[in-house]
Amino acid sequence: MAERRATNKYYPPDWDPSKGSINTFVGQHPLRDRARKLDQGILIIRFEMPFSIWCEGCENHIGKGVRYNAEKKKVGMYYSTPIWQFRMKCHLCSSWMEIQTDPKNAVYVIISGARKREEEYDPEDNETMALKDKEEAEKLLDPMYKLEHASRDVMKAKEASSAVSNLLEYNDRVWKDPFTVSQKIRQKFRV
């Protein structure tokens with residue numbers, strides 16, 4: 001929160017512009033406490049967890065979006081793109097976690113101290129459409145394969161459209177008068 005402190009600057013009585021900036025005169029870095037390890041190539045930043053993980057120190061779950069004060073350090077290059085490493089302490093225990101960018105695959109990679117929470121599910125169970133795998137996506141580029149499976153795709157589309165139209169009709173029936181429906185819902189939650 002050092003950025004907020006800089007809105008109102010204090011000008012010491014013995015300072016004048018010929019002595020340089022206020023920060024150099026006072027002997028302080030413009031980034032203040034965030035730059036305390038800058039001589040080692042480390043900047044303190046606010047890091048938001050990009051996915052859900054399990055801490056290996058305390059075996060607790062840490063959700064996506066949890067924010068940490070992390071040490072950001074450049075550890076390498078992928079062509080002209082820097083590879084950054086973020087080191088932070090778990091807020092539930094005192095173990096360290098290290099996450100690194102992977103510009104080649106455009107993802108974050110956990111180096112140590114945690115493991116990624118794998119969330120696998122079957123699209124059939126969730127009643128969602130299954131995404132095509134790479135092999136089928138490559139086959140779809142072939143015009144003959146596409147032509148052979150066009151009729152099956154048309155049948156699937158008709159089945160899906162009837163289900164969607166049923167849902168829309170139901171939604172229109174139930175929410176024809178949204179005020180009354182909302183009033184009923186609110187009455188259920190009142191004591």
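See the values below:
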| quantity | calculated |
| --- | --- |
| Hits in the range 83-108 (condition: closer than 22 Å to residue 54 by Cβ, surrounded by fewer than 14 Cβ atoms within 10 Å (Cβ to Cβ) and charged (D, E, K, R)) | 102 |
| Pairs, first farther than 29 Å from residue 71 by Cβ in the range 8-35, second open to solvent by less than 90 Å² (accessible area, probe 1.4 Å), C-beta under 6 Å, six or more apart | 15/25; 19/25 |
| Residue in the range 122-134 that is out of contact with any Leu (no Cβ under 7 Å at 6 or more places or on another chain), in a helix (DSSP H, G or I) and without any contact (Cβ under 8 Å) to a residue 24 or more places away in the chain present | yes |
| Every pair of residues 6+ apart whose Cβ atoms lie under 7 Å, when the first sits in the range 76-95 and is without any contact (Cβ under 8 Å) to a residue 60 or more places away in the chain while the second is in a loop (DSSP other than H, G, I, E, B) and basic (Lys, Arg) | 78/104 |
| Unique match (being in contact (Cβ under 8 Å) with a residue 60 or more places away in the chain and in contact with a strand residue (DSSP E or B) (Cβ under 8 Å, 6 or more places away or on another chain)) among 110, 53 | 53 |
| Evaluation of residue 145 against (1) among the aromatic types (Phe, Trp, Tyr); (2) open to solvent by 50 Å² or more (accessible area, probe 1.4 Å); (3) at pLDDT below 90 (one fails), failing number | (2) |
| For residue 80: the one exception among (1) at pLDDT 90 or above; (2) surrounded by 13 or more Cβ atoms within 10 Å (Cβ to Cβ); (3) over 23 Å from the mean Cα position of the chain (by Cα) | (2) |
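Residues checked against (1) farther than 14 Å from residue 86 by Cα; (2) at pLDDT below 90; (3) open to solvent by less than 80 Å² (accessible area, probe 1.4 Å); (4) of a type in the set (A, V, I, L, M):
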| residue | (1), (2), (3), (4) |
| --- | --- |
| 30 | yes, yes, no, no |
| 44 | no, yes, yes, yes |
| 48 | no, no, no, no |
| 71 | no, no, yes, no |
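The values are calculated or read from the model by the stated rules, or taken from the named source; none is laboratory data. All figures in this text were calculated on a predicted structure; none of them were measured in a lab. So basically every Cβ, Gly included, is an ideal-geometry build from the backbone, and we count neighbours across all protein chains shown. To get the accessible areas, we keep the full protein, side chains included, count just its heavy atoms, and leave off ligands, DNA and RNA. Shrake-Rupley method; radii C 1.70, N 1.55, O 1.52, S 1.80 Å.
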